[in-house]
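Below is one structure, written out as structure tokens; comments come after it.
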Amino acid sequence: MTGSAIRVFCAVSLGTALAVLPVVGWAQSAGPAGSSKKSRPGCTIVAQPDRLQDLTPEGDLLLASGRFAKLAGIRLPDTPPYRDQALAWLRGQAGQPVLVQGEDSRDRWDRVSASIRLSGASPPLDLGHGLVEAGLALVDPGLEQALCQPELLSLEATARERRLGLWADDRYNPIDVNQVDRLQDRIGSFVLVEGRVRSIGEREQRTYLNFGGLWAEDFTIIIPRKTWKLMADRGLGAEALKGRWIRARGILQSWQGTALSVEMPEMIERLEGSRPPR
């Protein structure tokens, strides 16, 4: 597909979705009370000017400075047509000047993890925000030191409520912990799971959130000691979670039934009330 064809495709398939949702620039971004970027370690890095030169087939961004980057805090869909639409939208931004905010440390694929916005756009457009708002990316802070844009969760929730993009597909929507067959089918995939915490097992190295009476068969959330302490410090300890409906996200594992390993507090959201939302 030619570059011009890609841009036409983006305008047709994504224009409406992006038009109805507000664009949130960095200067306007605001998470929950007490969750500003300044209060989060590793989130006060100065943005550097660069240019988005191209996109790799894997969805990594090639910058004019020679660096490869991935958008921090999000995950592109892993199946068509949504992955194709997300990649096409990103390719449509190639050649534009950008501001890159992220540490210069590289992952094993030689990528920096960064928030990137188009510096020449009016209003300013954060690429991660644009994808999440259009329902073409999921929030995934699992490999980050901190979720520096907590507002991404609110943007995702709005896209999910409006069934935009991938949220029109049941494969991506949250799975109830009692849907055992559906959980088994999604092992190895990034998923959202919802359910009521029935019991909590705190051990020296990790904590287990149990969602059923048969620990060897039911769904479990595994939380390392460091993450559990951070959660407790934020008011998400055992007393706040036991008996509550929560939503968790991560790569689904086959472990005594199915399980998620949660590395960051933001990967768990406490839902309203003690019953599932209608």
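The values are calculated or read from the model by the stated rules, or taken from the named source; none is laboratory data. These numbers were taken from a predicted model, which means no experiment stands behind them. A quick note on method: Cβ atoms are made from the backbone with ideal geometry, for glycine too, and the neighbour counts reach across all protein chains shown.
Hey, can you tell me all the residues within segment 94-108 that are part of a strand (DSSP E or B) and more than 12 Å from Phe68 (Cα to Cα)? Of everything in segment 94-108, those that are part of a strand (DSSP E or B) and more than 12 Å from Phe68 (Cα to Cα) turn out to be Pro97, Val98, Leu99, Gln101. Which residue is surrounded by the most Cβ atoms within 10 Å (Cβ to Cβ), if the candidates are limited to segment 178-222 and must be without any contact (Cβ under 8 Å) to a residue 40 or more places away in the chain, closer than 16 Å to Met267 by Cβ and in contact with a helix residue (DSSP H, G or I) (Cβ under 8 Å, 6 or more places away or on another chain)? Among them, the one singled out is Leu209. Of the residues making up segment 64-73, those that are surrounded by 23 or more Cβ atoms within 10 Å (Cβ to Cβ) and out of contact with any Ser or Thr (no Cβ under 9 Å at 6 or more places or on another chain) number 0.
Scanning for something part of a helix (DSSP H, G or I), in contact with an Asp or Glu (Cβ under 6 Å, 6 or more places away or on another chain) and modelled with pLDDT of 95 or more, does segment 139-146 turn up at least one residue? No, because not a single residue in segment 139-146 is part of a helix (DSSP H, G or I), in contact with an Asp or Glu (Cβ under 6 Å, 6 or more places away or on another chain) and modelled with pLDDT of 95 or more.
In this structure, is Arg160 buried (at least 17 other Cβ atoms within 10 Å of the Cβ) and not small (Gly, Ala, Ser)? For Arg160, the condition - buried (at least 17 other Cβ atoms within 10 Å of the Cβ) and not small (Gly, Ala, Ser) - is met.
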